[in-house]
Amino acid sequence: MIEVRQVTKRYGPKTAVDGLTFTAQPGQVTGFLGPNGAGKSTTMRMIIGLDEPTEGTVRVNGRRYREHAAPLREIGALLEARSVHPGRSARSHLLGLARTHGIPRQRVDEVLELSGLTAVAGKRAGAFSLGMGQRLGIAAALLGDPAVVMLDEPVNGLDPEGVLWVRGLLGSLAAEGRTVMLSSHLMAETALIADHLVVVGKGRLLADTSVKDLINSAGTEVRVGSDEADRLRGLLARPGVSVASSIEGELDVTGMDAREIGAIASAHGVPLYQLTTRTASLEDAFMDLTRDSIEYGSVPA
């Protein structure tokens, strides 16, 4: 279990994390989301003792990271896949980590096989592709057979087979009762993997909820097509209903379902040639939630 309680982290005048509280529970995959600059990396660094909170507490399985006699057996983390000496082979890198914790050589071979690196175990890590580097980082995170696994952008650089592997791996780890925390910018993939979500923006907690509930909070949109779209717009106007149009003859309606729209159109003799419901995606919900928390925004072309 990962417990973050009222954690604040300041770097001089800059507050990177501001009173953050959440728990990553055993038996589920917790997605840790936020825009660039939201404080995700700083929070994960505090979880594994690379940074100390200015205020608040962080616990892994009931203790601070540095209080564990064998931390690799408690939490395995991937924060930067390239943090490997480029001259070392994959096997040598993992053996070096294993020796610091009394982990047997057999376990090194197991995680090499699990991560699909057995055939290149003797190859220098500096010659690895981005995807192979990710696999090595995940292998290192799993080396101590930890109860908690925390991964930052684990599918970055992986091919489709690798993405499917990570998806299945994280699901199986959670099914074994382990705590799995995943940070990613890939909303579609996170929606498939995560059970629970913690969303942060500008260092503060924005949401601590299930994937389903966050998506439902974004609502649904109904696309309506009619040769009398302007007239229909007036008929649909009422408090709580939003009607927008980006294409002539078509309306995007929120706050009213397709059945209600169809009934109003029928009652007033407005012909429809399209009436479709679009359910919001996790990306839609995320963008809506973090709209005011984007620190590094792009200017539309």
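Read the figures in this text as sums done on the coordinates, not as results from a lab. These numbers come from a predicted model, not from an experiment. Please note: Cβ atoms are built from the backbone with ideal geometry, for glycine as well, and neighbour counts cover all protein chains shown.
Here's the list of lysines a cross-link from LYS14 could span, going by alpha-carbon distance under 22 Å and ignoring same-chain residues fewer than 8 apart: LYS40, LYS202.
Straight-line reach from LYS9: taking Cα to Cα under 15 Å and skipping same-chain neighbours fewer than 8 places apart, the aspartates and glutamates in range are ASP18, ASP51, GLU52, GLU55. Straight-line reach from LYS123: taking Cα to Cα under 28 Å and skipping same-chain neighbours fewer than 8 places apart, no lysines fall in range.
Here HIS85, HIS93 are placed in order of increasing Cβ neighbour count within 10 Å, fewest first, which gives HIS85, HIS93. Couplings 3J(HN,Hα) for the range 40-56, derived from phi with the Karplus relation 6.51 cos²θ - 1.76 cosθ + 1.60 (θ = phi - 60°), are 5, 4, 4, 4, 5, 5, 5, 4, 9, x, 6, 10, 9, x, 6, 9, x Hz, where x marks Gly and Pro. Mind giving me the nanometre distance, one decimal, between the label points for GLU113 and THR57, set 7 Å out from Cα along Cα→Cβ? If labels sit at GLU113 and THR57, their model points lie 4.2 nm apart. Here the simple spin-label model places points 7 Å from the Cα toward Cβ, and for THR15 and GLU228 these points are separated by 5.5 nm.
Computed from Cα positions, the angle between helix 105-114 and the longest principal axis of the chain comes to roughly 20 degrees. Between the range 234-286 and the range 79-120, the alpha-carbon centres lie 55 Å apart.
Label positions at GLN106 and SER245, each projected 7 Å from the Cα along the C-beta direction, are separated by 7.2 nm. Under the rule of -39500 (n - 2.57) per DSSP H run of 4 or more residues, summed and divided by the residues of the chain, what mean residue ellipticity at 222 nm is obtained, to the nearest 500 deg cm²/dmol? My calculation for the chain gives -9500 deg cm²/dmol from helical runs alone.
Which of ILE47, ILE103 comes first, and how do the rest follow, when ranked by fewest Cβ neighbours within 10 Å?
Going from sparsest to densest Cβ surroundings: ILE103, ILE47.
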